[in-house]
Structure formats: structure tokens, C-alpha cells
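S.K.: Have a look at the structure that comes next, please.
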Amino acid sequence: MRKGFTFVEILVVVIVLPIAFLILDGLFTTLLADIPRSYHIAQESVTLQHLLEHMQKDMDKASGLPETFADHTADDKQILIDLPDGVICYQQKDEKIIRRNLTDASQGRIEEQRAWSLPSTKVEWEIWKKDAKGYAVEVKTHIEYKTRGRWKKTTANSHVYYGGGIR
């Protein structure tokens with residue numbers, strides 16, 4: 001009986017095994033990185049949809065979009081919506097969007113009603129005006145994430161909400 005390896009066995013080890021490892025590397029990358037990232041993006045997208053639905057409901061009841069109320073001023077990080085039962089403020093702060101009822105601000109009480117954690121989401125809003133009066137809000141959103149050393153954007157959308165009671 002002969003001891004040692006045949007030429008075919010050496011070729012398998014030198015050529016076929018590295019190719020198999022490359023294929024398996026893609027599988028492991030998918031399992032360990034891409035699937036959890038996709039799950040996180042899907043969860044954040046659902047949270048973003050909840051925020052946008054809430055904002056749409058507020059805009060449907062809106063009677064105005066004031067530029068200021070109490071100590072708050074509408075800008076790129078804060079939007080004010082005048083509702084029949086008070087003024088609502090949506091504010092971007094610390095990777096969250098916070099919805100507050102400012103009606104009791106004059107008494108020093110600001111009620112935090114809702115907060116949406118959106119660490120990977122970029123939200124920009126702009127008030128559409130006619131005759132110096134706001135009548136709609138455009139909300140642009142996208143989710144940013146880093147994969148394999150590069151930043152990517154996904155689920156980019158633009159929504160326009162018209163004030164239901166604004167004349």
C-alpha cells in the first residue's frame with residue numbers, strides 16, 4: 001500500500017476548498033450581519049409609519065400651523081400644529097421624535113404624550129405656506145445604515161399632509 005496523497009487530492013485541497021470557503025463566507029455574512037440589520041430596518045420602518053400615521057391624524061384635525069407658541073418656534077427640528085383642543089409640537093431630539101401637547105405650557109406643564117425612537121432615520125419637514133400662512137407639511141424620510149464600510153439609504157419617502165381645518 002502506498003503512503004501519501006494523490007495529485008487529485010492535493011488539487012481538491014488547494015483549489016476546491018478555498019472556493020467552498022468563499023461561498024460559505026457569503027452565507028455566514030448574511031446570517032450574522034445582513035439578517036439582523038434587515039430586521040432592525042424593518043422595525044424602524046414600522047415605527048416611522050406609526051409616527052407618520054399619528055402626524056397625519058393631527059394634520060387632518062389641524063386648524064393652523066403657527067410659527068410660534070409659548071416658548072416654542074417652528075423650525076427644521078420642531079413643528080407646531082394648532083388643533084381645536086390645543087397646540088401640538090413635534091420635535092426632533094436625541095434620535096427621537098417627541099409629540100407634546102403644549103396647551104398647558106403657560107402653567108409650566110408640558111405633557112409628553114408620545115415618543116418614537118428612530119436612531120437610523122433621517123426626518124426633514126417643511127411647512128408649505130400661502131400668503132404667509134402654513135397650510136400643509138411635507139415630511140421627507142429615509143433610513144441610513146452602514147454596511148461593509150459604506151453608507152446606504154433605504155425606504156426614502158416624501159409625504160405631504162394638508163391641514164383639514166385650515167382655510
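S.K.: Is there a quick way to get the dipole size of the chain? I mean about its Cα centre, with the Cβ of Lys and Arg at +1 and of Asp and Glu at -1; what is the value in debye to the nearest 20?
M.R.: 760
S.K.: Counting other beta carbons within 10 Å of each residue's own, what order do Ser63, Ser158 fall into, fewest first?
M.R.: The order, fewest Cβ neighbours first, is Ser158, Ser63.
S.K.: If I fit a long axis through the Cα atoms of helix 17-29 and take the longest principal axis of the Cα atoms of the chain, what angle between them do I get, 0 to 90°, rounded to 10?
M.R.: Taking Cα atoms only, the helix is inclined about 20 degrees.
S.K.: Another question about this same structure. So how do Trp151, Trp116 line up by other beta-carbon neighbours within 10 Å, fewest first?
M.R.: With the fewest neighbours first, Trp151, Trp116 line up as Trp151, Trp116.
S.K.: So, one more: If exposed GluC sites (Glu not before Pro) are those in a DSSP loop with at most 16 other Cβ within 10 Å, what is the longest stretch of the chain that has none?
M.R.: 96-167
S.K.: Let me ask you something else. Tell me what the chain gives for mean residue ellipticity at 222 nm when only DSSP H runs of n ≥ 4 count, each as -39,500 (n - 2.57), the sum divided by the residue total, rounded to 500 deg cm²/dmol.
M.R.: Calculated mean residue ellipticity at 222 nm is -9000 deg cm²/dmol.
S.K.: Towards the positive end of the charge dipole of segment 8-162, with charges on Cβ (+1 Lys, Arg; -1 Asp, Glu), say which of Ser120, Leu11, Ser38 has the farthest Cα.
M.R.: Final value for the positive-end residue is Leu11.
S.K.: Report the extension gain between Ala132 and Ala33 in nm, rounded to one decimal, defined as 0.36 nm multiplied by the number of residues separating them, less their alpha carbon distance.
M.R.: Difference between extended and current length: 30.8 nm.
S.K.: Work out the length of the dipole vector of segment 1-87 about its Cα centre, built from +1 on the beta-carbon of each Lys and Arg and -1 on the beta-carbon of each Asp and Glu, and round it to the nearest 20 debye.
M.R.: 1060
S.K.: When the Kirkwood radius is taken over all Cα pairs of the chain, what Stokes-Einstein diffusion coefficient follows at 10 °C and 1.306 mPa s, in µm²/s?
M.R.: The Stokes-Einstein estimate is 82 µm²/s.
S.K.: For labels at Val12 and Gln113 in the simple 7 Å Cα→Cβ model, what's the distance in nm?
M.R.: Output for this residue pair reads 7.0 nm.
Just so you know, all these numbers are worked out from the coordinates, no wet-lab data involved. A quick note: this is a predicted structure, and the numbers were derived from the prediction, not measured. Because the Cβ atoms are built from the backbone with ideal geometry, glycine has one as well, and the counts that use them run over all protein chains shown.
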